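Below is one structure, written out as C-alpha cells; the observations come after it.
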Amino acid sequence: QARGPRQRRQAGISGLKIAEPSAKPMLSISSVRGWWRTHIKQAPLEWMLALNRKPLVIGYLTTTFIGGGSAFTFWMDSRTQDLSYIMMVIVGVSLSVALVLAKCSLPHATEMTLIISGFLMVAALQFASVVFSDDVAYRLRSHAIAMSIWKALPAVFGFPVFPSFIFIGGTVVLDNLSLYLAKLTQGDTFEMRMVGSSLVYALGGMGVAIMQTGRLCGIYEFQQALAAEKALMESIITMMCDAIVWLSEDGSMIVRTDQRFTMLIGRNVTGEQVAGSFPGDERERIQDCLQRAKE
C-alpha cells in the first residue's frame, strides 16, 4: 500500500529516539578549588607567618600593655574592680600567646590557629567587660570601639582569606551576643539596625583583608622573581669565574664564599676582614675593582 509524503514523514519521526537533556553536574570541590586559586591569589602561609611573626608578637605585647593599664584604672575605682579581673585575664592570654610565638616553633596551621584563637579570646573578654559594666556610657563606647577595631585586624597583618573569614565571623557573633546579653542583664536595647551595623563593618573588614592578601601575594611573587633572577646571575658568574666571594658594602669584610673559593684559600674566611685574608697585591686589585664598580 502506497503511503503519502505526510505519512512517510510521520513514520520517520516516530522512528527517531529523542534523548532527554542530561542534568548538569553540580559544582565539585575540585572545580571550586580551581576557581578559588584562579581568582583569589594568596601567598603561602609559611611566608606570611615568617613576615608577620615579629609584628604579631609586638601586637600581642601591645594588647598586654593596654590590658594591664585598663586593669590598673579599673582597680582604682571600687565600682569597677570586677572589670579589672577581666583585664588581668586579657594580660595573661596576650602574654602567653606572645611568648609561644616568640619562643616556640609550631606547625604553620597550628600557629595560625593559635593566632586567631588568641585574638578571638581577647575580643571575647573585651565584650565581656561591656556586658558586666554598670556604666551605660562605658558599655556604648567600648562596644562601638570593639565592633569596629577587631574587624580591621586581618587586614593589618594580612591574614589569608579563610582565617580572616573565620575571625571576622567570630567577631560578628561576639558583637551580637554581647548586645543580647547586655539586654538581658542591663536592660539595654537590642535592635536589628545594630546587627546591620555589625555586618556592614564585617563586610568592609573582609574586603580590605582580601585586598591586603592580594597585595602581599604580589610582594611574594616579586620576591620569587628576584630570587630566580639572582640564582640565574649567580649561575652565569659561576660558569665564568673560578670562585665567588661576597663582600660587605664597604668592601672590608668577607660576607660569604662558595666552596671553590674555600678550596682555593684552604680555609673558611667568612666573617674575616679582607686585609687579613689576601696578600697586599690581591687586596689592591680587589679594592680597585670595587672602586671601578661604584663609578
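The values are calculated or read from the model by the stated rules, or taken from the named source; none is laboratory data. None of the values given here were measured: they were computed from a predicted structure. FYI the Cβ positions are ideal-geometry reconstructions off the backbone, even for glycines, and counts take in every protein chain you see.
Contact map, region 87-107: residues that are assigned by the TED database to the domain that holds N52 and part of a loop (DSSP other than H, G, I, E, B) paired with residues that are modelled with pLDDT of 95 or more and basic (K, R), Cβ distance under 9 Å, separation 6+ or inter-chain. No pairs are found.
Kindly provide the set of residues from region 252-269 that are in a loop (DSSP other than H, G, I, E, B) and either surrounded by 14 or more Cβ atoms within 10 Å (Cβ to Cβ) or modelled with pLDDT of 80 or more (or both), ordered by number.
Selection gives D258, V269.
None of G214, G207 is within 30 Å of A144 (Cβ to Cβ), within 17 Å of the chain's Cα centre (by Cα) and surrounded by 13 or more Cβ atoms within 10 Å (Cβ to Cβ) except G214.
One residue is enough: does region 243-251 have a residue meeting the conditions more than 34 Å from the chain's Cα centre (by Cα) and not in a loop (DSSP other than H, G, I, E, B)?
Yes - at least one qualifying residue is present in region 243-251.
Here Y60 meets each of (1) modelled with pLDDT under 90; (2) in a helix (DSSP H, G or I) with one exception, condition (1). Of all residues in region 174-198, those that are outside any loop (DSSP other than H, G, I, E, B) and surrounded by 13 or more Cβ atoms within 10 Å (Cβ to Cβ) total 15. Counting the residues of region 217-242 that are of a type in the set (S, T, N, Q) and over 23 Å from the mean Cα position of the chain (by Cα) gives 2.
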